[in-house]
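The block underneath contains the structure these notes are about, expressed in structure tokens.
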Amino acid sequence: MNIYFISDFYFPDIIGGAEICNNALLEKLTNYNIIKLKSSDINIDFLSKQKDDFYKIVNYFLFRIKQKNI
């Protein structure tokens, strides 16, 4: 199983509190298959194909409007 870690931005692209905390969490999850994705890159087709996987959504401001109703 994959774990998709979804966030608007990642450290060091943005150096903010959320990005620093997310980075610290990702550094601890080394025993898992973590796939980092930006929320702006997620679409409904992707979600429907990966429905058996696990998602950790930490920021979703940049999700497209239609996708927020999933």
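Tabulated values for the structure
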item	result
Selected residue (criterion: modelled with the highest pLDDT) from residues of the stretch 53-70 that are of a type outside the set (Phe, Trp, Tyr), open to solvent by 100 Å² or more (accessible area, probe 1.4 Å) and assigned to a loop (DSSP other than H, G, I, E, B)	64
Residue list for the stretch 1-23, restricted to those being open to solvent by less than 30 Å² (accessible area, probe 1.4 Å) and either closer than 28 Å to residue 51 by Cα or in a helix (DSSP H, G or I) (or both)	4, 5, 6, 7, 8, 10, 19, 22
Hits in the stretch 25-42 - residues which are over 15 Å from residue 59 (Cβ atoms) and among the hydrophobic types (A, V, I, L, M, F, W, C)	29, 34, 35
Selection from the stretch 24-43 of residues that are open to solvent by 90 Å² or more (accessible area, probe 1.4 Å) and outside any loop (DSSP other than H, G, I, E, B)	27, 28, 36, 41
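The values are calculated or read from the model by the stated rules, or taken from the named source; none is laboratory data. Because the structure is a prediction, the values reported are computed rather than measured. Note that we place each Cβ from the backbone using ideal geometry, even for glycine, and neighbour counts take in every protein chain shown. Quick note on the areas: whole protein, heavy atoms, side chains included, nothing else; ligands and nucleic acids left out. Shrake-Rupley method; radii C 1.70, N 1.55, O 1.52, S 1.80 Å.
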